[in-house]
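Student: Provided herewith is a single structure, encoded as structure tokens, for subsequent inquiry.
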Amino acid sequence: MTLDAPPSGESAPLHPSELQVARRAPPTRGLKHHIAGFCLRLGGWTPTGDPPALDKYIIVAAPHTWWWDGFWMMAFAWWWGVEIKWLVKSGAAWGPFGWFLRSVGAIPVNRSAPQGLVGALCREFAAQSSLVVSIPAEGTRARRPYWKSGFYHLARQAKVPICLSLLDYGSGRGGFGPCFVPTGNVRADMDLIRSFYRDAKGRIPDRFTPPKLKEEDGLESSGGDP
């Protein structure tokens, strides 16, 4: 994992596609920041690794093995003052709880939509001046053979970088790691991701899907479902 880089300024790249980007420090005031700080301290979390100072990017959120991971993801986002969007099944986005989900950044999606989620999100990236979308690339809290590759194809088509983020229950640390522009060399790009998550531990370690895409084994992927 590479979470011990300087929290601001630029650091030397570890991979040919890794970006040297300035990092944004957390705010020093604000209700959300203080609420999140209280929750994170209560949960035993230590924020480390500031987010990039970029207007548009995709966050890879991992490991994702427990339903509380989404709560901690939002807490870290509030602590850093990052407004993130995240995907939720359209059926869960209605009623009072659905209103709450949308108010904190949930984007209702119909995963059976013929045009594909990647195309819809590409249009959103093109239309917005700033947009940060968090995607749990494992796709589910159960262990699977592969990660879903929608995050990778979305970054390529929308021409936005990917920033890796971490919830490491082993060390109690959470934060942001390297940012990179996907090159199209899937194996090389995934090697960077594998290096970052090599020692990461989810809340339920046996459920963590190791970072690997179907494309690395010559298998087809629709690329349409983050």
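The values are calculated or read from the model by the stated rules, or taken from the named source; none is laboratory data. Here the structure is a predicted model, which is why all the values come from computation and not from measurement. Ideal geometry is used to build each Cβ from the backbone, glycine not excepted, and the neighbour counts take in all protein chains shown. All accessible areas refer to the heavy atoms of the entire protein, side chains included, with ligands and DNA or RNA removed. Shrake-Rupley method; radii C 1.70, N 1.55, O 1.52, S 1.80 Å.
Student: Kindly indicate whether P178 is part of a strand (DSSP E or B) and either over 24 Å from G119 (Cβ atoms) or at pLDDT 95 or above (or both).
Tutor: In short, yes.
Student: With open to solvent by 30 Å² or more (accessible area, probe 1.4 Å) and touching a strand residue (DSSP E or B) at 6+ places or on another chain (Cβ under 6 Å) as the only criterion, which of W86, W67, W78 stands out?
Tutor: W86
Student: Are any residues in region 1-35 of a type in the set (G, A, S), within 18 Å of S165 (Cβ to Cβ) and either at pLDDT 50 or above or touching a strand residue (DSSP E or B) at 6+ places or on another chain (Cβ under 6 Å) (or both), and if so, which ones?
Tutor: Result: S8, S17, A22, A25.
Student: If you don't mind, there's one more thing I want to ask. Test of understanding: among D191, D206, D199, which residue is open to solvent by 30 Å² or more (accessible area, probe 1.4 Å), acidic (D, E) and outside any helix (DSSP H, G or I)?
Tutor: Step by step, each of D191, D206, D199 is checked, and only D199 is open to solvent by 30 Å² or more (accessible area, probe 1.4 Å), acidic (D, E) and outside any helix (DSSP H, G or I).
Student: Separate question: Looking at region 153-175, which of its residues are open to solvent by less than 20 Å² (accessible area, probe 1.4 Å), part of a loop (DSSP other than H, G, I, E, B) and closer than 15 Å to G49 by Cα?
Tutor: G172 - this is the single residue of region 153-175 that is open to solvent by less than 20 Å² (accessible area, probe 1.4 Å), part of a loop (DSSP other than H, G, I, E, B) and closer than 15 Å to G49 by Cα.
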